[in-house]
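Okay, structure first, notes after.
The values are calculated or read from the model by the stated rules, or taken from the named source; none is laboratory data. All of these numbers come straight from a predicted model, not from anything done at the bench. Backbone-built Cβ (ideal geometry, glycine too); neighbour counts: all protein chains shown. What goes into the accessible areas is simple: the full protein's heavy atoms, side chains included, and nothing from ligands, DNA or RNA. Shrake-Rupley method; radii C 1.70, N 1.55, O 1.52, S 1.80 Å.
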Amino acid sequence: MPLHLYNTLSGQIEELTPRTGRPLGIYACGPTVYDYGHIGNFRTFVHVDILRRFLKLQGTPLRHVMNITDVDDKIMTRAAAAGQSIDEYTAKYKTAFLEDLSALGIELPEFLARATEHIPQMVGLIEKLVERGCAYRGENGSYYFRIASFPGYGKLSKKDLGGMEDGARVDVDEYDKDSARDFALWKAAKPGEFHWETSLGAGRPGWHIECSAMATEYLGEDFDLHTGGEDLMFPHHENEIAQSESASGKTFARHWMHIRFLLVEGKKMSKSLGNFYTLRDLLLRGYKSSAIRFLLTSVPYRNQLNFTFDGLTESTNAVERLRSFVERLHKGGFPAGRNISLFEATERAGRNFTAALEDDLNTAEARAAIFELVRLANSHADRHELQTENVPPILDVLARFDAVFAVLEDRDDGVTRLALDWAAMENRLNEAAPELVAGYALSAEAIDRLIEERNAARKARDFARADAIRKDLAEKGIVLEDSPGGVRWRRK
Ligand code: AMP
Ligand code: ZN
């Protein structure tokens, strides 16, 4: 059976299949890189990763795009306050985001699209909207979308927009969540403000147009699936639909997936409540990235997840239980032959696992199928009833489980330095976004190699060479610390 997924647009669970002959096109709203990602953000990204991995497991070819919003009001304000250009300001958080994805075992999409690299596409789209009478220039030089020109406005969020004021505008990206107003497509620069010189004048794009332009650039005017957290449904996604469909006359995304929010101890996560956690906060407290990832999948994406530290401890134990079970299987020492009832239970677990995910990505049921198998197999093994021929099919089911959940492999060295898989990431990124890599691309292996080279140079009393290596690493943000136990490094 193909995957069935709830579609916010139709309000129904529908089959998700690509159009014939094409990979499945997915546009995932990515992070705004003004700060480190928090665990709520990663709940959304982990579920999109579960979706991605499950589709791949089912053999669906993908064309998955994630944007990185590296220009918006918050970024402008914070960069100005820090006395930095927006590029300087966001570079650190872009890198951190990629490191966090890697630490959480989140696969990179086929394309990572940075907003600042797509300004011409945004300008082109706005010009098209002006030509069609759906957008207008305000007296300050900003451009706005005319909501009254799009009768379908509200079809995604099912909002009653009766109180909508024609011509009322908003300039900022942070919206009064309940009101629909003509929204800014292009914001004219105020004196001294960072801007691009374009045919629309000096300014910068609004947030919504970024996603419309980048989705169209990589996936075309109509594509299969658009994802994001539930807060993006209105106005962000509603505005994307209005812009894109007004320009193209086609249905923008056929299918919309919205991930419900993560709460902390039953409350909305917020800095003022002191219950706000970035991924790094948890890693620094000694929690493992695998346990965090696993916890984030414990509740299906259409229900809120209540994050607690007890839950995180449970998750840690659950991952441990799975790993020691795999170890037990590899260790062997089982009697020869095949236990039929366990064999059948294994097949059943495999079927239930797949069926749960096909049913609107029910991660909780999928996990339950696996834990049931582990419990059963362990108790068979305790009674010497797990036999040699039972091992391969069980490992096979676990491999399918881990192709999606990605927690079995122990890559939890993430406490003080995040688990980086730069070597793999570099290749992918070099294709998708070479600029993202420049300056940060040194893999752990490459760093270790350079350190060895430096040690050898020092031994040979070639201090000029040793210093040059240290300096080169420092320029790439790698700090070396000489200690009695040898040389240690960390990223600045
Ligand atoms: P942002 O960086 O704020 O643009 O958010 C990145 C993604 O995280 C978006 O898809 C948001 O909808 C999502 N998101 C933000 N807060 C939460 C939360 N508490 N739980 C789940 N997803 C969230
Ligand atoms: Zn978006």
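State whether one or more residues within the stretch 242-250 are within 10 Å of ligand 1 (Cβ to nearest atom) and outside any strand (DSSP E or B). Write out each step before concluding.
Let us first name the residues in the stretch 242-250 that are within 10 Å of ligand 1 (Cβ to nearest atom), namely none.
Scanning the stretch 242-250, I find no residue that is within 10 Å of ligand 1 (Cβ to nearest atom) and outside any strand (DSSP E or B), so the answer is no.
Show me the strands (runs of 3 or more DSSP E) entirely contained within the stretch 42-154 in which 2 or more residues are farther than 13 Å from Pro31 by Cα.
Details: elements: 62-68, 111-114, 135-137, 143-145.
Fully inside the stretch 42-154 and qualifying: 62-68, 135-137, 143-145.
Yes/no per residue for (1) more than 16 Å from ligand 2 (Cβ to nearest atom); (2) touching a strand residue (DSSP E or B) at 6+ places or on another chain (Cβ under 7 Å); (3) assigned by TED's automatic domain parsing to the domain that holds His255:
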residue	(1), (2), (3)
Leu16	yes, yes, yes
Gly21	yes, no, yes
Leu24	yes, yes, yes
Pro31	no, yes, yes
Tyr36	yes, yes, yes
Arg43	yes, yes, yes
Ile50	yes, no, yes
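For residues in the stretch 355-398 being without any contact (Cβ under 8 Å) to a residue 60 or more places away in the chain and of a type in the set (S, T, N, Q), which is most open to solvent (accessible area, probe 1.4 Å)?
Once the filter is applied, the top-ranked residue is Thr388.
So which of Leu283, Leu279, Leu273 is within 16 Å of ligand 1 (Cβ to nearest atom), closer than 24 Å to Thr44 by Cβ and crowded, with 20+ Cβ neighbours inside 10 Å?
Details: Leu283 fails: within 16 Å of ligand 1 (Cβ to nearest atom); Leu273 fails: crowded, with 20+ Cβ neighbours inside 10 Å.
Criteria check complete, one pass: Leu279.
What's the number of the condition Phe234 fails, among (1) at pLDDT 95 or above; (2) in the same structural domain as Val71 (by TED's automatic domain parsing); (3) surrounded by fewer than 24 Cβ atoms within 10 Å (Cβ to Cβ)?
Every condition holds for Phe234 apart from (1).
Can you confirm whether Phe405 is under 21 Å from the mean Cα position of the chain (by Cα) and modelled with pLDDT of 80 or more?
Details: under 21 Å from the mean Cα position of the chain (by Cα): yes; modelled with pLDDT of 80 or more: yes.
Answer is yes for this residue.
State all residues of the stretch 297-315 that are open to solvent by 20 Å² or more (accessible area, probe 1.4 Å), out of contact with any Asp or Glu (no Cβ under 8 Å at 6 or more places or on another chain) and part of a loop (DSSP other than H, G, I, E, B); if no residue qualifies, say none.
Ser298, Val299, Asn303, Gln304, listed by residue number.
Report yes if some residue within the stretch 211-219 is open to solvent by 10 Å² or more (accessible area, probe 1.4 Å) and free of Cβ contacts under 8 Å to residues at least 60 places away in the same chain; otherwise report no.
Quick first cut of the stretch 211-219, residues open to solvent by 10 Å² or more (accessible area, probe 1.4 Å) only: 216-219.
So of that shortlist, the ones also free of Cβ contacts under 8 Å to residues at least 60 places away in the same chain come out as none.
Among the residues of the stretch 211-219, not one is open to solvent by 10 Å² or more (accessible area, probe 1.4 Å) and free of Cβ contacts under 8 Å to residues at least 60 places away in the same chain, which makes the answer no.
What pairs can you find where one residue is in the stretch 113-139 and over 19 Å from Ala189 (Cα atoms), the other is open to solvent by 30 Å² or more (accessible area, probe 1.4 Å) and part of a loop (DSSP other than H, G, I, E, B), and their Cβ atoms are less than 8 Å apart, with a gap of 6+ or different chains?
Between residues of the stretch 113-139 that are over 19 Å from Ala189 (Cα atoms) and residues that are open to solvent by 30 Å² or more (accessible area, probe 1.4 Å) and part of a loop (DSSP other than H, G, I, E, B), the close pairs are Gly133/Arg146; Cys134/Arg146.
For Arg400, are the conditions met, namely being in a helix (DSSP H, G or I), at pLDDT 75 or above and in the same structural domain as Asp482 (by TED's automatic domain parsing)? Steps first, answer last, please.
Working: in a helix (DSSP H, G or I): yes; at pLDDT 75 or above: yes; in the same structural domain as Asp482 (by TED's automatic domain parsing): no.
No; evaluated as a whole, the condition is false for this residue.
Taking the stretch 243-264 as the search range and keeping residues that are polar (S, T, N, Q) and either within 16 Å of His47 (Cα to Cα) or away from ligand 2 (no atom under 15 Å from the Cβ) (or both), which one is nearest to the chain's Cα centre (by Cα)? Explain how you work it out, then say what you get.
Applying the first criterion (polar (S, T, N, Q)) to the stretch 243-264 yields 243-244, 246, 248, 251.
When the remaining residues are screened for being either within 16 Å of His47 (Cα to Cα) or away from ligand 2 (no atom under 15 Å from the Cβ) (or both), the result is 246, 248, 251.
Details: Ser246: 28, Ser248: 28, Thr251: 25 Å.
Per the stated criteria, the residue is Thr251.
Can you name the residue in the stretch 6-47 that is aromatic (Phe, Trp, Tyr) and within 16 Å of Glu110 (Cα to Cα) and, of all such residues, is farthest from ligand 1 (Cβ to nearest atom)? Explain how you work it out, then say what you get.
Start the filter on the stretch 6-47 by keeping residues that are aromatic (Phe, Trp, Tyr), which leaves 6, 27, 34, 36, 42, 45.
Among the residues that remain, those that are also within 16 Å of Glu110 (Cα to Cα) are: 27, 45.
Details: Tyr27: 12, Phe45: 7 Å.
In this case the residue turns out to be Tyr27.
Would a scan of the stretch 412-430 turn up a residue that is polar (S, T, N, Q) and modelled with pLDDT of 80 or more? Steps first, please.
From the stretch 412-430, those polar (S, T, N, Q) are 416, 427, 430; that's our starting set.
Still in the running and modelled with pLDDT of 80 or more: none.
Looking through the stretch 412-430, none of the residues is polar (S, T, N, Q) and modelled with pLDDT of 80 or more.
Being closer than 17 Å to Arg490 by Cα and without any contact (Cβ under 8 Å) to a residue 12 or more places away in the chain is the filter; apply it to the stretch 449-466 and report the residue that is least open to solvent (accessible area, probe 1.4 Å).
So the residue we want is Glu452.
Is there a residue being modelled with pLDDT of 95 or more, near ligand 1 (Cβ under 9 Å from one of its atoms) and open to solvent by 10 Å² or more (accessible area, probe 1.4 Å) anywhere in the stretch 48-62?
No, the stretch 48-62 contains no residue that is modelled with pLDDT of 95 or more, near ligand 1 (Cβ under 9 Å from one of its atoms) and open to solvent by 10 Å² or more (accessible area, probe 1.4 Å).
If you take the residues of the stretch 261-285 that are assigned to a loop (DSSP other than H, G, I, E, B) and within 17 Å of Ala103 (Cβ to Cβ), which of them is modelled with the highest pLDDT? Reasoning before the result, please.
To start, the set of residues in the stretch 261-285 that are assigned to a loop (DSSP other than H, G, I, E, B) comprises 261, 265-266, 269-270, 274-277, 285.
When the remaining residues are screened for being within 17 Å of Ala103 (Cβ to Cβ), the result is 277, 285.
On the way: Tyr277: 92, Arg285: 78.
Checking each candidate, the answer is Tyr277.
Within the stretch 50-98, can you find the residues that are of a type in the set (A, V, I, L, M, F, W, C) and within 17 Å of the chain's Cα centre (by Cα)?
Let us first name the residues in the stretch 50-98 that are of a type in the set (A, V, I, L, M, F, W, C), namely 50-51, 54-55, 57, 62, 65-66, 68, 71, 75-76, 79-82, 86, 91, 96-98.
Those that are of a type in the set (A, V, I, L, M, F, W, C) and within 17 Å of the chain's Cα centre (by Cα): Ile50, Leu51, Phe54, Leu55, Leu62, Val65, Met66, Ile68, Ala96, Phe97, Leu98.
Quick one: which residue in Ala291, Ala345, Ala349, Ala318 is open to solvent by less than 60 Å² (accessible area, probe 1.4 Å), within 20 Å of His4 (Cα to Cα) and assigned to a helix (DSSP H, G or I)?
On the way: Ala291 fails: within 20 Å of His4 (Cα to Cα); Ala345 fails: within 20 Å of His4 (Cα to Cα); Ala318 fails: within 20 Å of His4 (Cα to Cα).
Ala349 is the lone residue from the list that is open to solvent by less than 60 Å² (accessible area, probe 1.4 Å), within 20 Å of His4 (Cα to Cα) and assigned to a helix (DSSP H, G or I).
Would you call Lys92 away from ligand 2 (no atom under 16 Å from the Cβ), farther than 30 Å from Asp360 by Cβ and assigned by TED's automatic domain parsing to the domain that holds Leu108?
Details: away from ligand 2 (no atom under 16 Å from the Cβ): yes; farther than 30 Å from Asp360 by Cβ: yes; assigned by TED's automatic domain parsing to the domain that holds Leu108: yes.
So Lys92 passes the test.
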